[in-house]
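Take a look at the structure below.
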Amino acid sequence: NLLKLSDIFLSKENEEIAEKWFQNDQYIESLLTTFAPYKLPTFPPTELPTLLPTIIPTLNPTLVNSATPSLAPPTPPSPTPTSDPTPLPTNYPTPAPTLDPTPLPTYYTTSLRTTDPSPSPNSKETPAPTILQALYTPPPTTQPVFNNDTSDSTETINYTLNPTTTSDSDFNEDGNYTVPTSSSFRNGTPPPTALFTMIDDPSLKRDVGVGIYTTSPSPNEREAQFGIKIFDYRLEFSPITTLSYSLIEQIDAEGYIPIINMEFFSDDGPVLPKIMNGEFDQMIWDFALDCAQGGIPFWIRTLHEFNGDWYPWALLYSYNGTLENTVQDLTSSFNRIIALFKSAGAPVKFQLNINANNGLDDPRPFADFWPGTEGMDAVTITSYNRAYSTINHQYSLSFYEGFKAPYDEVAALTDLPIWIAETGTTSYFTDKPIWLRQCFLSIAIDFPRVVQVTFFLLNKVNEGVLTDWDLNDDEEIEAFVEGFLTMREITTW
């Protein structure tokens, strides 16, 4: 039924009929009232005739009548359609039930399919289209109140009570919910739901930095809204062909340490042979000299997610049906890039970035893709919960469930510090606030070698669906800040 509702709003059929229906204020208002629980547009009725034709220019009358017959217009026009109504796609299965007994949160939003083009696979910077952003509640304008008094090492953090996941036995004699170890968390139990007594374990103490990738609001604006300093790093993506030192200066002026995903693209096949042959040497050298002269220390993450199939430097990238990039090519390319920066005297550190899952569902271990870590200062892992947002992700995982296996593999391959390159979750069939709290808690307790995590906080379209990575309401913001405070309390000496 939810998929049908999506098609009602996003179908491209019978435009002339749709335009007439949009002129019927009473019909539109009844639609919006009916679909309000699914967080579809909630604009004032007086604005509907103007806004809806812009957001959803067409409507499929057949699906409207099928899904909600009582809402059909009193006298619908009946011209002969020029083509058959578009049926629900047979390759988009109805999502399976949520994996845990927690009810769907009230802010659950249906998956949205759109005819707008998906962003280029070579870019992570394309924002979601305006028509899809309009379907989401805008970020809150009021600042939530958080408990951020860190004067006492036994500070408590308040959490929203979730009675479906707790029992009387979970509470101590004072009525407080406590989790002395992470064992219950590993079994999927949410973090504390009343007052959480911080874990005082010396083995967990270390500096854990937090980074952000976003466009708007800026990290500075977000922290002003949060009322607390959270972010240490800012991640940006840039092709080497347009990379400028001014980007480093801008991030540094904002008060953050830059992390630059330096990308190499080609219109005619894999790029590793081009890097090894020196085709990018002059661009790399010019930028490295600017970095040496500017003197701002920062991190470079290049040839990232090399065990995937979606970038032209990746080992599973196919060109004309063949896999031409090799592990040896990858190692040689890293060595050449790092050598140029070192020769220029640039104050740059390098990261090796592997994806949590191999592309093409390749079952081989990371060791088969591993290029070595010579010249590297850290190893980073990309790990997202794409919960029900694509055909291939009809499931939802906690951060622990998605990160544990790749973390163990990487930890066995290197002694370097481990970072979380990018992470986040969608809200589809997932309690996003609980996921965020679990994420911070799990980083603190379950992954003691992790010393940095970067959150991808930007709503964007992926495979025709809006993936709502950002913090989109007060509850998600509060969970993010409380989770951060929990992690900081556990890991700080």
Along each principal axis, Cα extent of the range 248-298, largest first, Å: 39, 18, 12
Zero-based 10 Å bins, Cα pair distances in the range 298-387, whole percents: 16, 48, 28, 8, 0
P(r) of the range 223-262 over all Cα-Cα pairs, binned every 5 Å from zero, in whole percent: 6, 22, 27, 20, 13, 7, 4, 1
Highest average packing first - 311-323, 260-272, Cβ atoms within 10 Å: 260-272, 311-323
Local net charge near Asn392, Cβ-Cβ under 13 Å (Lys/Arg +1, Asp/Glu -1): -2
DSSP-defined antiparallel bridges as percent of all bridges, the range 236-356, nearest 5: 15 percent
Computed accessible area, Asp309, all protein chains, 1.4 angstrom probe, square angstrom: 50 Å²
Antiparallel %, DSSP beta bridges [both residues in the range 355-493], to 5: 20 percent
Contact order normalised by residue count of the range 287-371, Cα under 8 Å, 6+ apart, percent: 43 percent
All-pairs Cα distance distribution in the range 386-493, expressed in whole percent, bin size 10 Å: 14, 45, 32, 9, 0
Restraint check, Lys274/Lys349; Lys229/Lys342; Lys205/Lys460; Lys205/Lys342; Lys274/Lys460; Lys274/Lys404, Cα-Cα greater than 29 Å: Lys229/Lys342; Lys205/Lys460; Lys205/Lys342; Lys274/Lys460; Lys274/Lys404
Cα centroid separation - the range 216-294 against the range 330-391, whole Å: 16 Å
For peptides 393-403, 286-296, sequence by mean Cβ density within 10 Å, most packed first: 393-403, 286-296
Within-12-Å neighbourhood charge of Phe231 [Cβ basis; K, R +1; D, E -1]: -1
Directionally averaged shadow of the range 337-401, computed from the convex hull of its alpha-carbon atoms, nm²: 6.2 nm²
The range 258-322, relative contact order in percent, only Cα pairs under 8 angstrom and at least six apart counted: 43 percent
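The values are calculated or read from the model by the stated rules, or taken from the named source; none is laboratory data. On a predicted model such as this, the values are computed, not experimentally measured, just so you know. In this analysis, Cβ positions are derived from the backbone assuming ideal geometry, glycine residues included, and neighbour counts consider all displayed protein chains. Side chains are part of the model used for accessible areas, which takes the heavy atoms of the whole protein and leaves out ligands, DNA and RNA. Shrake-Rupley method; radii C 1.70, N 1.55, O 1.52, S 1.80 Å.
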